[in-house]
Amino acid sequence: MTDAPTPSQKRTQPMSAAPVDWRLDLPEDLTAPGRDESGKETLLPLRQHPALAKYASPGEALKALVHAQRLLGRKTEPEGSLLSQGAPQGQDGPPQSPGHYRLPEIELPEEFRVDEALRDAFLAKAHELGLSDAQAGGLYAWFLPLNVDGLRSHTEKLSTERAKRRERELSGLRQVHGGEAKAVLEAARKAVLALGGQTLMQALEQSGAADDACVIQAFSRMAPLVSESSLRGKNAGGATSLTPQRLREMMRDPRYFDPSRRDAEFVRQVQKGFESLYPGEQAPTLRAS
């Protein structure tokens, strides 16, 4: 008859055996790529490979292997990209040189012309980026009309802004000079023509200064000085007191219009007087008898 267990023996539970790592049963010479503790790529024995540590048995590892092989056979991405699928066969690369691109003919407005230097720069960049003939042509056909529309909109915007500025400056002249604003404009115009002719007038218009009320008033103040200085010189003393009425009287004098009685000095005084009163304008032609 066996002895019955004592109370202390009843309280002591038997310890379960530690689970056995199934990887230890794998042959030592089986290895697979992995990384060591330093992170360096190397061949690790399968019995120590961390990729198998998450599987509790060889059966689970084999199931995972079969599943991975099935996934490898699936096509998870389309063949190529949308751009490569749309490229014509035989034209999926750049031509031999930038000069070999065949750009489409784009109809442009009459006032626009393609800058050859910019066109060559575009082709050089397209070749550098490896664009095919179709890709470069498509980009060119899209960008050129867009550039034309942008330039046209910019020009129209500048024209509108200049018209608004001109009206604003003219309104300022009217506020300062009232009904004399037109006379101020005329005096400024004559002064500009007397000082620099059409060349100066064009320069002022191109720079926008011709629409500046401050510039116009400055030239209008110079007009009397310009008229006075233009009449100074030899035998010009009598011309300084010429008025439009006096000038018309002199032009009716036979010494001016009658070839048989024409006085060269008198004619010169009439011409000087006309230039001083109407700078920049052509003197009237002498009438033949």
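Scanning segment 29-47 for residues that are more than 16 Å from PRO58 (Cα to Cα) and assigned to a loop (DSSP other than H, G, I, E, B) yields ASP29, ASP36, GLU37, SER38, GLY39, LYS40. Any residue at all in segment 149-163 that is modelled with pLDDT under 90, in contact with a helix residue (DSSP H, G or I) (Cβ under 9 Å, 6 or more places away or on another chain) and assigned to a helix (DSSP H, G or I)? The answer is yes; a qualifying residue exists. Among the residues of segment 108-145, those that are in a loop (DSSP other than H, G, I, E, B) and either of a type in the set (D, E, K, R) or out of contact with any Pro (no Cβ under 9 Å at 6 or more places or on another chain) (or both) comprise PRO109, GLU110, GLU111, PHE112, ARG113, VAL114, ASP115.
If you filter segment 116-151 down to residues that are among the acidic types (Asp, Glu) and surrounded by 12 or more Cβ atoms within 10 Å (Cβ to Cβ), you find that the one that is nearest to GLY208 (Cα to Cα) is ASP120. For residues that are free of Cβ contacts under 8 Å to residues at least 60 places away in the same chain, surrounded by 13 or more Cβ atoms within 10 Å (Cβ to Cβ) and hydrophobic (A, V, I, L, M, F, W, C), scanning just segment 152-191, find the one that is farthest from PHE219 (Cα to Cα). The selected residue is LEU170. As for segment 57-78, it holds no residue that is at pLDDT 75 or above, under 30 Å from GLY137 (Cβ atoms) and in contact with a helix residue (DSSP H, G or I) (Cβ under 8 Å, 6 or more places away or on another chain). Where residues in segment 244-275 are in contact (Cβ under 8 Å) with a residue 24 or more places away in the chain and polar (S, T, N, Q), which of them is nearest to VAL226 (Cα to Cα)? Among them, the one singled out is GLN269.
Pairs meeting the criteria (first residue in segment 197-221 and closer than 17 Å to GLU180 by Cβ, second residue of a type in the set (Asp, Glu) and surrounded by fewer than 18 Cβ atoms within 10 Å (Cβ to Cβ), beta carbons under 6 Å, at least 6 apart or on different chains) are ALA213/GLU169.
Those helices (runs of 4 or more DSSP H) of segment 198-289 in which at least 1 residues are at pLDDT below 80 and surrounded by 11 or more Cβ atoms within 10 Å (Cβ to Cβ), considering only elements entirely within it, cover 213-230, 244-251, 264-277.
The values are calculated or read from the model by the stated rules, or taken from the named source; none is laboratory data. From a predicted model like this one, the values you see are computed outputs, not experimental measurements. Note that we place each Cβ from the backbone using ideal geometry, even for glycine, and neighbour counts take in every protein chain shown.
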